[in-house]
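Right, one structure below, let's go through it.
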Amino acid sequence: EVVVAVGVNPSKSRLFSADERLEMLGQACATWDNVRVAGFTGLLTDFCRAEGISAIVKGLRAVSDFEYELQMAQMNASLSTVETVFMPTSPEWSFLASSLAKEIAQFGGDVAGLVPEFVHEALVRRFADQRTTD
């Protein structure tokens with residue numbers, strides 16, 4: 001089983017609520033019977049321990065990702081027995097970051113080829129709603 005763990009940090013301001021993010025990820029992963037999406041608060045290592053998860057898989061786009069993620073992996077290892085595995089992103093997607101996709105969408109750019117269709121529709125709706133309330 002693969003668990004897509006979504007950290008919920010109430011102090012962070014996000015474009016989509018935790019429930020909306022969990023719903024979109026659930027939809028994106030629906031075709032795989034062995035994938036489950038779950039939200040958590042607190043430490044990732046505590047979540048892993050509670051769920052019986054033995055490894056965290058992290059995608060790396062660039063060397064800068066590795067520097068940050070290595071520090072996190074070492075901290076997680078000091079807190080628990082969970083292992084961290086790093087996987088490089090496919091070169092065709094290595095430029096992509098959610099912040100870039102959101103910024104492009106916010107200014108009316110087309111991100112349809114970068115995100116699933118249902119995410120694209122949610123982005124378009126959210127930014128249209130924000131423009132009408134501004």
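The values are calculated or read from the model by the stated rules, or taken from the named source; none is laboratory data. All values derive from a computational prediction rather than experimental measurement. Because the Cβ atoms are built from the backbone with ideal geometry, glycine has one as well, and the counts that use them run over all protein chains shown. Surface areas here come from the heavy atoms of the whole protein model, side chains and all, with no ligands, DNA or RNA. Shrake-Rupley method; radii C 1.70, N 1.55, O 1.52, S 1.80 Å.
Data table
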item	result
Leading residue by the ranking (modelled with the highest pLDDT) among those in segment 8-27 that are open to solvent by less than 40 Å² (accessible area, probe 1.4 Å) and either more than 13 Å from the chain's Cα centre (by Cα) or under 14 Å from SER98 (Cβ atoms) (or both)	MET24
Residue match in segment 125-132 (condition: among the aromatic types (Phe, Trp, Tyr) and more than 17 Å from GLY7 (Cβ to Cβ))	yes
GLU51 vs. criteria at pLDDT 95 or above, closer than 25 Å to LYS102 by Cα and acidic (Asp, Glu)	no
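Here's the yes/no breakdown for (1) touching a helix residue (DSSP H, G or I) at 6+ places or on another chain (Cβ under 9 Å); (2) within 25 Å of GLU23 (Cα to Cα); (3) open to solvent by 70 Å² or more (accessible area, probe 1.4 Å):
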residue: ASP65; (1), (2), (3): no, no, no
residue: GLU69; (1), (2), (3): no, no, no
residue: ALA73; (1), (2), (3): no, no, no
residue: SER80; (1), (2), (3): yes, no, no
residue: GLU103; (1), (2), (3): no, yes, yes
residue: GLN106; (1), (2), (3): yes, yes, yes
residue: ALA112; (1), (2), (3): yes, yes, no
residue: GLU117; (1), (2), (3): no, yes, yes
residue: GLU121; (1), (2), (3): no, yes, yes
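Conditions (1) open to solvent by less than 50 Å² (accessible area, probe 1.4 Å); (2) of a type in the set (A, V, I, L, M, F, W, C), marked per residue:
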residue	(1), (2)
ALA38	yes, yes
ALA50	no, yes
ARG61	no, no
TRP93	no, yes
ARG126	no, no
